[in-house]
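To keep things clear, I will list the structure first and then write my remarks on it.
The values are calculated or read from the model by the stated rules, or taken from the named source; none is laboratory data. Since the structure is predicted, the reported quantities are computational estimates derived from the model, not experimental observations. FYI the Cβ positions are ideal-geometry reconstructions off the backbone, even for glycines, and counts take in every protein chain you see. Note: areas computed on protein heavy atoms with side chains; ligands, DNA, RNA excluded. Shrake-Rupley method; radii C 1.70, N 1.55, O 1.52, S 1.80 Å.
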Amino acid sequence: MITIALKLEMLIDEYLPRLNVLNDTEFVYKSSPEKWSKKEITGHLIDSAQNNIRRLIVAQYDEYVSITYDQDKWVAINDYQHQPLQNVVQLWYLLNKQMVSILKNTSNEMAHCISGSAPGNTIEWLASDYIKHLVHHIHQVLNLEPMPYP
């Protein structure tokens with residue numbers, strides 16, 4: 001799990017300076033009312049981090065964990081669109097730093113436990129999938145080369 005933790009840490013440390021220089025005008029722009037702005041996409045990543053932190057922890061002591069969430073409702077209720085840009089970016093960063101800490105403290109034995117998030121998925125798989133999801137959306141926010149996410 002150390003390798004996955006270090007990869008996540010490297011990515012968030014690489015992306016943070018790029019996120020910190022975005023201006024609020026570009027960050028709140030919505031191409032249509034039903035689409036998320038870049039601020040809301042970053043908020044979605046905050047929600048994803050919160051839910052995945054819970055999955056990573058609970059899966060290590062409860063074999064029957066099922067943590068799901070309605071992503072659209074989480075983004076709407078958290079109202080990221082109207083939060084200060086710096087708060088959204090900082091929260092994203094701090095939650096991911098916490099995930100790095102959890103991953104560094106997850107034993108290799110635990111990493112192969114079933115996460116409960118989907119049948120047959122291990123904690124290690126969940127952490128790797130989370131990184132793919134994060135990169136996919138951060139590339140959208142930063143206008144980088146699109147990264148497909150299954």
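Residue-by-condition table, conditions (1) within 16 Å of Tyr130 (Cα to Cα); (2) in a helix (DSSP H, G or I):
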site: Leu8; (1), (2): yes, yes
site: Tyr15; (1), (2): yes, yes
site: Arg18; (1), (2): no, yes
site: Pro33; (1), (2): no, no
site: Glu40; (1), (2): no, yes
site: Ser48; (1), (2): yes, yes
site: Ile53; (1), (2): yes, yes
site: Leu56; (1), (2): yes, yes
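Selection within segment 47-57: residues that are open to solvent by 10 Å² or more (accessible area, probe 1.4 Å) and not polar (S, T, N, Q). The member of this set that is farthest from His139 (Cα to Cα) is Ile57.
Selection within segment 1-46: residues that are β-branched (Val, Ile, Thr), within 15 Å of the chain's Cα centre (by Cα) and within 22 Å of Ala76 (Cα to Cα). The member of this set that is most open to solvent (accessible area, probe 1.4 Å) is Ile41. Comparison of Val100, Val89, Val65 shows that the only residue that is among the hydrophobic types (A, V, I, L, M, F, W, C), modelled with pLDDT under 90 and either in a loop (DSSP other than H, G, I, E, B) or surrounded by 15 or more Cβ atoms within 10 Å (Cβ to Cβ) (or both) is Val65.
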